[in-house]
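The values are calculated or read from the model by the stated rules, or taken from the named source; none is laboratory data. Since we're looking at a predicted model, the values are computed, not measured. No Cβ is skipped: glycine too gets one built from the backbone with ideal geometry, and neighbour counts run over all protein chains shown.
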Amino acid sequence: MFRMQNAAGVTEALKAVWLPDSADQVEDADSFREQMVARATREVQALGQCQSPHLVKLGSVPATPQQLDTGDYLVYSEEFLPGEALGEWLRKQYRPDFDTLRLLASTLIDLIRTLFDLGYLHRDIKPENVMDTGLPDRRFVVLDLGIAFKMHGTRLTQPGFAPGTRHYMAPEVFDPTRRHEMDVRRDLYSAALTVYVLASGRHPFAPNPESTVATIYRILHDRPPPLHTLRPDLPADFCRLVDRCIKKDPALRYAKLEQALHDLERCQA
């Protein structure tokens with residue numbers, strides 16, 4: 001991400017989506033490139049359609065192909081947000097209190113509902129994709145729609161893999177026989193796991209850097225410790241809500257986000 005100033009002198013964040021070419025070591029690079037351009041363009045448009053204050057807003061630069069020194073990119077801009085990503089909370093070993101966690105959970109679920117009403121899934125909710133802005137009316141803001149790429153050829157996904165970050169993917173993503181179950185409950189799982197990790201300070205399926213295979217196995221088979229055992233200071237009903245949203249079986253999670261928000265509002269310290 002780079003900072004830039006638009007014509008009005010307002011600071012924006014310049015983003016770039018890497019586009020492979022035939023020289024890159026990507027199988028069927030031309031086809032992959034077309035898919036990346038189509039997916040990125042579609043999802044940048046979705047950013048423009050979603051008016052939720054909980055989602056980063058598009059800037060003045062529309063999605064435009066650009067050739068840079070490090071390769072070809074699809075470049076666009078977003079608003080520049082103050083604050084820090086929630087991944088910094090983990091690095092600082094900060095454990096948010098109940099009110100902060102409940103606000104975060106309600107923010108994420110409300111955004112998921114708004115996106116779903118527009119026909120979209122975020123697909124990459126995780127601590128690093130949520131900003132703590134410190135703004136009173138926009139405390140937490142989610143970045144992108146799972147399409148943000150780093151410069152210098154670092155890409156979000158590879159051919160044959162679903163977009164997103166594996167540590168925060170729902171179990172059904174890894175099971176081809178359950179692909180039909182991938183709906184709004186996938187984003188709900190990622191949001192709840194984000195809350196769980198920030199509350200507990202640990203990832204239940206990837207406690208230490210290790211192989212992708214081991215992480216996926218744990219996602220599919222390991223039962224995470226109940227949140228209340230790791231944060232006994234949090235209300236039991238709040239912990240049960242979070243635990244429910246990260247159930248292995250999507251049918252055991254909330255089917256209606258309105259009900260999840262209703263239950264969240266009823267949680268009291």
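Miscellaneous remarks
- The listed residue being β-branched (Val, Ile, Thr) and under 20 Å from Pro96 (Cβ atoms), out of Thr229, Thr215: Thr229
- Residue count for the stretch 89-132 under the criterion of being among the charged types (D, E, K, R) and part of a loop (DSSP other than H, G, I, E, B): the result is 6.
- Test result for Asp72, surrounded by 14 or more Cβ atoms within 10 Å (Cβ to Cβ) and over 19 Å from Leu143 (Cα atoms): yes
- Residue that is under 28 Å from Gly9 (Cα atoms) and either out of contact with any Lys or Arg (no Cβ under 7 Å at 6 or more places or on another chain) or buried (at least 20 other Cβ atoms within 10 Å of the Cβ) (or both), where the choices are Glu79, Glu84, Glu88: Glu84
- Tally of residues being outside any loop (DSSP other than H, G, I, E, B) and closer than 21 Å to Leu261 by Cα across the stretch 188-235: 14
- Selection from the stretch 226-243 of residues that are free of Cβ contacts under 8 Å to residues at least 24 places away in the same chain and surrounded by fewer than 17 Cβ atoms within 10 Å (Cβ to Cβ): Pro226, Thr229, Pro232, Ala236, Arg240
- The one condition in (1) in contact with a helix residue (DSSP H, G or I) (Cβ under 9 Å, 6 or more places away or on another chain); (2) surrounded by 19 or more Cβ atoms within 10 Å (Cβ to Cβ); (3) modelled with pLDDT under 90 that Pro62 fails to fulfil: (2)
- Flag for Gln259 being within 18 Å of Leu108 (Cα to Cα) and of a type in the set (S, T, N, Q): yes
- Residues satisfying the stated conditions in the stretch 91-108, i.e. more than 15 Å from the chain's Cα centre (by Cα), among the aliphatic types (A, V, I, L, M) and crowded, with 18+ Cβ neighbours inside 10 Å: Leu101
- Test: Tyr189 is aromatic (Phe, Trp, Tyr) and within 28 Å of Arg39 (Cβ to Cβ): yes
- Residues of the stretch 32-55 that turn out to be outside any helix (DSSP H, G or I) and among the aliphatic types (A, V, I, L, M), as a count: 1
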